[in-house]
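Every read-out reported here was derived from the displayed coordinates using simple, explicitly stated rules and does not represent laboratory data. On a predicted model such as this, the values are computed, not experimentally measured, just so you know. When we count neighbours, we look across all protein chains shown, and the Cβ atoms used for this are built from the backbone with ideal geometry, even at glycine.
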Amino acid sequence: MQFLEKNWILVLAFVLSGAMLVWPLIGRRFSAVKEIGTLNVTQLMNHENAVLIDLREPGEFKGGKLPGALHIPLSQLGQRTDELAKLSKRPVVAYCAHGRRSTMVGGALAKAGFANIYSLRGGLKAWRDAGLPLDGADAA
């Protein structure tokens, strides 16, 4: 007990660092967005007619996009949810360049009426690394 009293800052740092390590695991469990891999995305595309949303900004939009994807930059998603409302019965897969930003769109897509919200783990890079097809003139 004396140790705790004398080293309360050390104990506090230990507790906070442990919480920061566990937080991503807890956050994923309560997130509206489920991360899925390229195989699951292709299954959603082929069997459930998933809506694909490319969240990359215009300056990043080179090298193609997933087949049939809508390009709605993350910075414009809040203003453009109305155009997605008519598609809300279908599952939606959001992706960006590396999969980091696409995990943050759950609230906006849920507000647009989507119930099944997914993020492509690894983003466009994972899709390209898997050798899957891309739409776009410079997709090669």
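Lysine pairs in the chain 8 or more apart or on different chains: how many have alpha carbons under 30 angstrom apart?
Value for the chain: 19.
What number does the range 99-140 give for Rg over Rh if you use C-alpha atoms and the Kirkwood radius? Kindly include the intermediate steps, with their values, before the conclusion.
Values: Rg = 12.9 Å, Rh = 11.9 Å.
Checking Rg against Rh, the ratio lands at 1.09.
Can you pull the semi-axes for the chain, root of five times each eigenvalue of the Cα gyration tensor, sorted largest first, whole Å? Mind dumping the intermediate values first?
Working: eigenvalues 265, 61, 40 Å².
Semi-axes, largest first: 36, 17, 14 Å.
Enter the mean projected area of the convex hull around the alpha-carbon atoms of the range 66-140, in nm², rounded to one decimal.
Details: hull surface 20.3 nm².
If you wrap the Cα atoms of the range 66-140 in a convex hull and average its projections, you get 5.1 nm².
Which order, highest average first, do 105-114, 87-96 follow once you tally other Cβ atoms within 10 Å for each residue and take the mean per peptide? All intermediate terms of the calculation are to be shown ahead of the outcome.
Values: 105-114: 19.1, 87-96: 21.4.
Final packing ranking: 87-96, 105-114.
Expressed in nm to one decimal, what extension gain is obtained for the pair residue 80 and residue 15 from 0.36 nm per residue of sequence separation less their Cα-Cα distance?
Values: separation 65, 0.36 × 65 = 23.40 nm, distance 4.14 nm.
The span from residue 80 to residue 15 would gain 19.3 nm if fully extended.
Tell me the relative contact order for the chain as a rounded percent, counting alpha carbon contacts under 8 Å between residues six or more apart.
Details: 209 pairs, mean separation 40.6, N = 140.
Dividing the mean separation by the residue count of the chain yields 29 percent.
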